[in-house]
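The values are calculated or read from the model by the stated rules, or taken from the named source; none is laboratory data. All of these numbers come straight from a predicted model, not from anything done at the bench. No Cβ is skipped: glycine too gets one built from the backbone with ideal geometry, and neighbour counts run over all protein chains shown. Please note that ligands, DNA and RNA were not included when accessible areas were found on the heavy atoms of the full protein model with its side chains. Shrake-Rupley method; radii C 1.70, N 1.55, O 1.52, S 1.80 Å.
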Amino acid sequence: MKSAFTLVTLFCAAVVLQLGLFPAFVPTLLQPDVGLLIAMAALAFCPREFALIALFVLGLHADLFGSARFGLLTLSYLLSAGLILCVAWRELTRGDLLAAWAGGVAATLLAHSLYVLLGLLCGFDVRWGQAFATLLARMLAALIWGLPLAWACAQWLYRLGMMAPPVHERWAAEIRLAAARRGKVMRG
């Protein structure tokens, strides 16, 4: 039940951010692929099975609300996550914010490149200038928004208790250490 609630909240957060807040307040050049960044944060902090389901669900989100070719973004999300896990599984799944951010940036580059390549294989007409400009804009947006989205997603997953046990223990220890430091500083 907790997993279903978490998936629904991640999906709703991606919808609200991707379709509501970012288009209203952020220039088009700086609008990230929110679903992919949230999914990569889930991959960095949650158990692998849940994270892969989240990748699939958020890939469907991207296909439903932003793709002209249904299914290609979902496939691109899953393939890029698989490639990243093959290359940097240990670094990504330790629960580090910078690894989640770097994974989101790498996944953005891989997923959207795979989207163009799969579109070519399916016989779709690709406008190279537009594809390259979109890829650069998504990369820039991922560099800017990836870390805050990973932090917010990690905070939400921690509060819901959906982090992988070693990651949850690490975050809990860091929170206790920060609280102890604040206590020492306040006494002194």
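Annotation note: of 163, 139, the sole residue that is assigned to a loop (DSSP other than H, G, I, E, B) and either out of contact with any strand residue (DSSP E or B) (no Cβ under 6 Å at 6 or more places or on another chain) or surrounded by fewer than 17 Cβ atoms within 10 Å (Cβ to Cβ) (or both) is 163. When the residues of region 145-159 are filtered to those that are surrounded by fewer than 18 Cβ atoms within 10 Å (Cβ to Cβ) and within 13 Å of the chain's Cα centre (by Cα), the one that is farthest from residue 175 (Cα to Cα) is 148. Considering only region 37-46, I want to know if a residue exists there that is open to solvent by less than 50 Å² (accessible area, probe 1.4 Å) and not in a helix (DSSP H, G or I). Yes, region 37-46 has at least one match.
Evaluated against (1) charged (D, E, K, R); (2) farther than 25 Å from residue 144 by Cβ; (3) in contact (Cβ under 8 Å) with a residue 60 or more places away in the chain, residue 33 falls short on exactly one condition, (2). The residue that is most open to solvent (accessible area, probe 1.4 Å), among those in region 1-15 that are of a type in the set (Ser, Thr, Tyr) and touching a Leu at 6+ places or on another chain (Cβ under 9 Å), is 9.
Among the residues of region 74-133, the one identified as open to solvent by less than 60 Å² (accessible area, probe 1.4 Å), in a loop (DSSP other than H, G, I, E, B) and more than 15 Å from residue 40 (Cβ to Cβ) is 126.
Residue-wise test of (1) closer than 21 Å to residue 134 by Cα; (2) in contact with a Phe, Trp or Tyr (Cβ under 9 Å, 6 or more places away or on another chain); (3) at pLDDT below 90; (4) acidic (Asp, Glu).
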| site | (1), (2), (3), (4) |
| --- | --- |
| 20 | yes, no, no, no |
| 26 | yes, yes, no, no |
| 62 | yes, yes, no, no |
| 86 | no, no, no, no |
| 99 | no, no, no, no |
| 107 | yes, yes, no, no |
